[in-house]
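What follows draws every value from the coordinates through simple rules; no lab data is involved. As the structure is a prediction and not an experimental result, all values here were calculated from the model. Ideal geometry is used to build each Cβ from the backbone, glycine not excepted, and the neighbour counts take in all protein chains shown.
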Amino acid sequence: MKKTWMLWLCAGVAAIGGCSRLSPGSRDQAAGADIIIEKNTEVETEPGPTSPWLPGEETTIEPLELPDLSTETLTVKPEIVIAADIHYLAKELTDFGSAFEQMAYDRDGQMVSYIWEITDAFLDQVIARRPQALILAGDLTLSGERASQEALAQQLARVEAAGICVVVIPGNHDINNPRAASFKAGQTIPAERTSPEQFAKIYEDFGYGEALSRDPASLSYTYQLPDGTWLLMLDSCQYENGAQVGGMIRTDTYQWIDQEMEKAWEEGRQVIAVAHHNLLDESRVYEEDCTIEHNEELGRLLDDWEVELFLSGHLHVQHHKTSKEYEIDEIVTSALSISPCQYGILQYFGPDHYFYSTEKTDVSGWAELRNNPDRNLQDFQWYADEFLQESFYKEAVNELQGKGLSQEDIQGMAELYAMVNVQAVAGKLYEIRDEIQSDRGYELWQEYDRTSLLCMYMNELLEDAVVDYNEKRRP
């Protein structure tokens, strides 16, 4: 039976918590001033970026008369930052030699060689924005190395120290991953993996130790934001017998979800669901590895409780979709580790009143402040685009070689395939869709083999390129 929310938004303060060559430059850490939110205290945060439909407004939220909540007005900036697929690697796990360089070159466009600079610049921007929370939607580490988890947690601590809640969930790379490794002396050496228990312990200060409730069957939990919104943080990963790419929700977890949504309904809470894997079939080619298994069951359950917003990552492509079966919007944030190294910004006032947009990580600005001489960092967006372009170009060339095509045709087809994918990753393919479909390289792909995986995926991307996926709003 579908529940009807009793109130539009409640507020108060309770307990606070994928689907691929150069050595990096120096990094500095910057921490902002503390923001302390206490009960029975009127708090105002400094103004921040506003949505186009509410220019200049902050939202003052009156609390419900609920046990143990603030009894006075609380002003909270209704902004949440979302990032996914960082793929962080602890520096201690590499000597930046040949083994590391080869791994970094083969990571499908992930800029592992500069992941420290990207992460540092990103967290600096988060601190400068002053959102109420930072959500990390899985694949926090390269391959689930325990040392990488611990190193990232140290970085996240400075965000919490600036008064910003950090909330994480695992991705398919993060737990019990047999590919966990270090890269030294020209060799790839197995590194200590992260167990589910270790993951929860390492990120105790970033969701798990501050959860309203923990699911006994998984690493799922509920978390209350400073504005009173609940996050349903869903562990969609399969790691009991090694890390699997695809996702699912465990049978016992459904019962826990139902119990938590019953509590949310009783308290009049709005709920945002978050997982690493996708709820909806965002990609028809990669459904098996990207969409949560038996997603219809999860969709029905969330729809019954009127959870209307689902945030995810994993796809490495900027995307969003509205379900035809359920009243649910899903927003997929592209990988922070892949050009254009962007993250999501959610201005959230309730399920029928929000605005999502993206912003690029300003790595060049970060480098300039530190007088970093690395030319790739100085013009990072150009470098990142070229790096990703080369990755997709190489993939297409490998597919087309030895198929009776001329080198000129192979080059033209590979360049076109790379261009389509680079723009799709950024959510901007709609801007050049017509140009692509009138190109000779596109015609050659259709003549070559429309049933090949690369051609099918390219055609799907073009068919889907109808809007700018960097923005999503209600109403």
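A few notes on this one:
- Contact order, relative form, for the range 171-298: 23 percent (alpha carbon pairs under 8 Å, 6 or more residues apart, mean separation divided by residue count).
- Per-residue packing, averaged as other Cβ atoms within 10 Å, sorts the ranges 421-428, 193-200, 404-411 into the order 421-428, 193-200, 404-411, beginning with the highest.
- Reduced Cα scattering model of the range 339-475, Debye log10 I(q)/I(0), q = 0.10 Å⁻¹: -0.45
- A Förster radius of 51 Å combined with the Cβ-Cβ distance from residue 379 to residue 266 puts the calculated FRET efficiency at roughly 0.40.
- Backbone N atoms of the range 362-396 closer than 15 Å to the 7 Å Cα→Cβ label point of residue 431 belong to residues 381-382, 385-386.
- A full extension of the chain between residue 352 and residue 188 corresponds to an added length of 54.1 nm, given 0.36 nm per residue minus the alpha carbon distance.
- Residues of the range 452-468 with amide N under 16 Å of a point placed 7 Å along Cα→Cβ from residue 405: 452-460
- Pair residue 217, residue 443: separation of 7 Å Cα→Cβ label points (nm): 5.6 nm
- In nm, spacing of pseudo-spin labels at residue 386 and residue 296 (7 Å Cα→C-beta vector): 5.0 nm
- Overall shape: oblate for the range 195-311, with the ratio a/c of the largest to smallest alpha carbon gyration tensor axis at 1.5 or above and b/c at least equal to a/b.
- Of the peptides 222-232, 306-316, the ranking by mean beta-carbon count within 10 Å, highest at the top, reads 306-316, 222-232.
- Modelled spin labels at residue 370 and residue 471, positioned 7 Å past Cα toward Cβ, are 3.4 nm from each other.
- Contour excess over end-to-end distance, with Cα ends at residue 303 and residue 128 and 0.36 nm allotted per residue: 59.5 nm
- Mean-position separation - Cα centroids, the range 262-329 and the range 440-475, in angstrom: 23 Å
- Contour excess over end-to-end distance, with Cα ends at residue 106 and residue 179 and 0.36 nm allotted per residue: 24.9 nm
- Charge sum, other residues only, whose C-beta stays under 13 Å from residue 342's C-beta, Lys/Arg counted +1 and Asp/Glu -1: -4
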